[in-house]
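Contents: one structure, followed by commentary.
None of the figures in this text is laboratory data; all of them are computed from the coordinates on show. Remember, predicted model here, so these are calculated numbers, not experimental data. When we count neighbours, we look across all protein chains shown, and the Cβ atoms used for this are built from the backbone with ideal geometry, even at glycine.
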Amino acid sequence: MFRLLKRMRRQEWMMAALCALFVLGQVYFDLRLPDYMSDLTVLIKTPGSTMEDILFTGGEMLFCTLASAVLCIGGGFLTARVAAGFGYVVRQDVFEKIADFGQQEMMAFSVPSLINRTTNDITQIQMLVSMGLQILIKSPVMAVWAVIKIVNKSRTLSVITAGFVVALLVMMILIIAIVFPKVRRVQKLNDRINLVARENLTGINVVHAYNAEDYQNEKFEKVNETLMKTQLFNQRTFAFLTPAVTLAMNTLSLVIYWVGAAIVNNVPAADTALRLTTFSDIVVFGTYATYVIMTIMMLVMIIMLMPAAQVSAQRVNEVLDTKVSIHPGAKTEAPEKGTVEFRHVSFRYPSSGKDILSDISFTAKKGETVAFIGATGSGKTTLVSLIARFYDATEGEVLVDGQNVKDYTFDALYNRLGYVTQKAVLFAGDIRRNVLFGELEAEKTDENVDNALRLAQASEFVEKLPEGIKAPIAQSGANVSGGQKQRLSIARALARKPEILIFDDSFSALDYRTDRALREGLGRELGETTKLIVAQRIGTIRGADKIIVLDEGKAVGIGTHEELLQTCPVYQEIAKSQLSEEELGLAERRDA
């Protein structure tokens, strides 16, 4: 928790210091009131006291009350500003940290957990700062000050008060020890319920199509019920605190006045001045003793938030302390342009004991089209992910423009690449903003957008929209079809005007006519651009300069379409499943 507080900006620390002064002033004025009550008691019981004296003392009490109220309002305002600023800084730090995460870190935490840590966990900590900044200063100062005021007034009453305080503190420690493990479990259950809800909402069409509503409801109900029972246990345990402290405070007042009455009775009736002083001391003692219990009641409010906030702080620190596995290099220049080379590259996931890719070597020269094909799970997507450094190779080297990708700054590497992901991803906004997404060296003009849309075969549907390139795009592109979404994703890569284009199975959502028109356009207008294509359809890649066939992570064939039909059994099997006998026969006759 304290590690997170160090992240506060200087202005928040200054406001926190000013708030502390306001709280100390408030405590001072609050603890002056019992002294004035004692003075009033003496004035009322003392013969010869004037109304003017009584009113003056009452005015002083009123002034203390008003001053305390003003300081309380000022302190509350400053506390809110400090808590909001603290939440802003931590939330920004967590978001920026997550933005630097690679696939390895994302898999370690999971998306629902990271969302919870960025939102709910930081809110829990912010609530503690908001309430605790005043109470954690006010409570100990008030308690110590009150104890100093009463310690010399009556040893008997002091011992009684100390007994009540010790009993309450022991009770609070026991409750914290019981609840803390349960609170940690609540945070994990929140992650789980977020996962189930997110999964259900994302796949709502599949749920409806398979009539799986009852199954999903049952799954959600199970997690929800576990969370409810855990929270009920925590809240019921905490619910015991407030009435216990209230009972202790009222009981202590009753005992003080009961014992105090006996003490006053033991003073000789003839000694009026001593009886009056003793009575006054008992009244003041009872008030200050109540203040001591009130400070414990204030601490109860913090204790109810402390376990959840502490667990949340640990979870946030886990994110902030995570060491990112992929770090940028320092180089921006390269000896070549538009080339990609794999030198004996192998890769395995950190949690796997088996290589996903094994000893892959090939070279893509400037302007070439290199395609990758193979069965599902053969490592095609993983291979092109290494070029964009979503992962780093376990063994060997991946070179772009003759330079190891690990040596580039991120900007220098990604400015060379245009990457179209396997699953098309669009962002809320409009078409223009999606096509010109991110930082790019190419000009951010409407002309660039139009050219990219035309080449991606997206102009035909964009031009029909009333707003054109200003047409809105919903979150995740929910208001466009799969093929339209894919074409807009391709246009986004083309707008960057990169040296190297990477298509990760990006043509699968396109019909054959659009697929063909797109490939012809790329060949005609981007002859100098290197194109790496992951595909499932041979029709998409049969014209490639080089086709690499992957099987269980190994390159089992490298060559043109015609060469592989003659030499690669895996490619032959794929071709037989997709091409007609006539197409296969034509290829064989051409080779002959």
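Using DSSP loop states and a limit of at most 16 other Cβ atoms within 10 Å to flag GluC sites (Glu not before Pro), what is the longest stretch of the chain containing no flagged site? Here the longest run is 1-332.
Over 20 Å between Cα atoms, which of K331/K444; K323/K354; K331/K423; K380/K423; K464/K485 qualify? Check vs 20 Å cut-off fails for K331/K444; K323/K354; K331/K423. Here the 3J(HN,Hα) profile of segment 409-420, calculated from phi with Karplus coefficients 6.51, -1.76 and 1.60 at θ = phi - 60°, is 5, 4, 4, 5, 6, 6, 5, 8, 10, x, 10, 10 Hz, Gly and Pro shown as x.
The mean sequence separation of alpha-carbon pairs under 8 Å and at least six residues apart, normalised by the residue count of the chain, gives a relative contact order of 13 percent.
Dipole of the chain computed with +1 at Lys/Arg Cβ and -1 at Asp/Glu Cβ about the Cα centre; of S481, L299, S130, farthest Cα towards the positive end is L299.
Could you work out the relative contact order of segment 2-321, using alpha carbon pairs under 8 angstrom and six or more residues apart, expressed as a whole percent? Can you show the working numbers first?
On the way: 290 pairs, mean separation 95.5, N = 320.
It rounds to 30 percent for segment 2-321.
If R0 is 41 Å, the Cβ-Cβ spacing of V267 and F63 corresponds to a FRET efficiency of close to 0.75.
Neighbour counting of Cβ atoms within 10 Å sorts the residues T369, T278, fewest neighbours leading, into T278, T369.
How large is the charge dipole for the chain, taken about the Cα centre, if only the Cβ atoms of Lys, Arg (+1) and Asp, Glu (-1) carry charge, to the nearest 20 debye? Don't jump to the answer; show the numbers that get you there.
Working: 63 positive and 64 negative charges, 340 e Å.
My answer is approximately 1640 debye.
Restricting to lysines 8 or more places apart or on different chains, can you count the pairs in segment 2-321 with Cα atoms under 19 Å from each other? Before the final figure, lay out the partial values.
On the way: K6/K97; K138/K149; K182/K222; K182/K229; K188/K219; K188/K222; K188/K229; K219/K229.
Total qualifying Lys-Lys pairs in segment 2-321 comes to 8.
Place the peptides 183-193, 474-484, 540-550 in order of packing, highest mean first, counting for every residue the other Cβ atoms within 10 Å and averaging per peptide. Intermediate values should be presented prior to the final figure.
Details: 183-193: 18.3, 474-484: 14.8, 540-550: 21.3.
The peptides rank, most packed first, as 540-550, 183-193, 474-484.
Counting only alpha carbon atoms, the long axis of helix 569-578 and the longest principal axis of the chain meet at about 90°. Each of the peptides 244-251, 133-140 was scored by the mean count of other Cβ atoms within 10 Å over its residues; in descending order, highest first, they stand as 133-140, 244-251. The label-point distance for V151 and K337, in a model that sets each label 7 Å from Cα toward Cβ, rounds to 8.2 nm.
Expressed as a whole percent, the proportion of Cα-Cα pairs in segment 495-578 lying more than 17 Å apart is 50%.
Quote to one decimal, in nm, the extra length available between V159 and Q103 on full extension: 0.36 nm per residue of separation minus the C-alpha distance between them. List each step's numbers first, then the result.
Numbers: separation 56, 0.36 × 56 = 20.16 nm, distance 6.18 nm.
This chain segment gains 14.0 nm when fully extended.
Fewest to most neighbouring Cβ within 10 Å: what's the order for H561, H327? Intermediate results must be reported in sequence, preceding the final value.
On the way: H561 17, H327 12.
Taking fewest neighbouring Cβ atoms as first place, the list is H327, H561.
A cut-off of 5 Å between modelled amide H atoms, ignoring neighbours fewer than 5 places along the same chain, links F372 with I533, V534, A535, I548.
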